[in-house]
1. What are the residues in region 144-160 that are in a loop (DSSP other than H, G, I, E, B) and crowded, with 21+ Cβ neighbours inside 10 Å, if any?
2. In the list ILE177, ILE190, ILE184, which residue meets the criterion of being of a type in the set (A, V, I, L, M) and crowded, with 20+ Cβ neighbours inside 10 Å?
3. For ASP110, work out the one condition from (1) touching a Gly at 6+ places or on another chain (Cβ under 9 Å); (2) surrounded by fewer than 20 Cβ atoms within 10 Å (Cβ to Cβ); (3) not in a helix (DSSP H, G or I) it doesn't fulfil.
4. Given the criterion polar (S, T, N, Q) and touching a residue at least 24 places away in the same chain (Cβ under 8 Å), identify the matching residue among THR52, THR39.
5. Can you pull out every residue in region 13-65 that is within 18 Å of ASP90 (Cβ to Cβ), out of contact with any Asp or Glu (no Cβ under 7 Å at 6 or more places or on another chain) and of a type in the set (A, V, I, L, M)?
6. Search region 133-149 for residues that are at positive phi and pair each with any residue that is of a type in the set (A, V, I, L, M, F, W, C) and in a strand (DSSP E or B) when their beta-carbon atoms are under 8 Å apart and the residues are at least 6 apart or on different chains.
Amino acid sequence: MMLTVIVPTYNRLNYLEMALASLLRHGEIDILVVDDGSTDKTKEYLAKVVQTDHRIRVIHQENGGVTKARITGLDNLLPNTEFVTFLDDDDVSPEESLKTQLAFLKADPDLDLTYGNLLMVEDIDPKTLQPVADTRRAEYKGIHLSCAILRRRLIDKVGTFDPDLIQAEDTDYLLRIFETAPHIRDTDTICLYHRRHPGNMTKRLEESRRSFALAILKSIKRKKQSSDIRMIKPAFDIKHIGTMDFF
């Protein structure tokens with residue numbers, strides 16, 4: 001029962017090293033890094049890591065954006081990949097999180113996906129791969145691909161990412177998943193340390209809001225076109241927040 005973790009990356013070598021280190025703690029998994037035409041030292045770094053650990057695979061492509069990188073990832077799943085999740089190159093996968101979520105999927109063959117929480121933080125210790133003690137943080141259940149582990153059959157049913165979306169492609173994808181009325185195990189597992197920093201795409205608020213609104217609009221149109229669509233989703237909620245301007 002192989003799990004593939006798709007990691008799109010572009011010019012974030014300083015963060016990518018931590019992201020991969022956090023994944024390598026999870027045992028025998030398939031880590032697929034899609035290098036979207038990085039121009040820093042990412043290519044050289046990845047050439048070394050694939051020689052030192054068989055769990056890491058790398059695909060290089062011309063820069064086309066995160067959506068195309070995610071599409072490439074789905075197009076290159078292993079034949080024996082049964083479960084799929086994602087990790088952004090600037091985030092960290094908490095220890096034991098994948099094991100905890102996978103246990104639910106392995107115990108219940110009817111389960112289509114698990115969905116947990118994320119912890120938004122500003123600073124992560126590069127040695128412990130844990131949020132530093134005094135960093136601002138907020139735990140919540142939000143729309144994020146790394147909070148979900150998807151069964152392969154669900155991906156085969158939903159298809160790939162919408163290539164017309166430059167941002168919010170993950171929102172659109174999850175909405176399309178929820179519109180299939182999947183069997184979800186909604187958990188309180190912290191599945192992601194989501195790092196906030198000046199380079200976050202979602203910091204470009206105007207563009208981000210426009211893309212998010214487009215993804216919502218696409219979902220509304222699909223539901224209008226088909227009365228058979230019944231959305232089943234996790235209970236999105238903010239459990240704790242330190243300061244309201246953190247988002």
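Bear in mind these aren't lab numbers, they're just calculated from the coordinates by the rules spelled out. These numbers come from a predicted model, not from an experiment. Reconstructed Cβ throughout: ideal geometry from the backbone, glycine too, with neighbour counts over all protein chains shown.
1. Correct list: HIS144 only.
2. It is ILE177.
3. (1)
4. On the way: THR52 fails: touching a residue at least 24 places away in the same chain (Cβ under 8 Å).
THR39 is the lone residue from the list that is polar (S, T, N, Q) and touching a residue at least 24 places away in the same chain (Cβ under 8 Å).
5. MET18, LEU20, ALA21, LEU23, ILE31, LEU32, VAL33, VAL34, VAL49, ILE56
6. Listed pairs, sorted by first residue: none to list.
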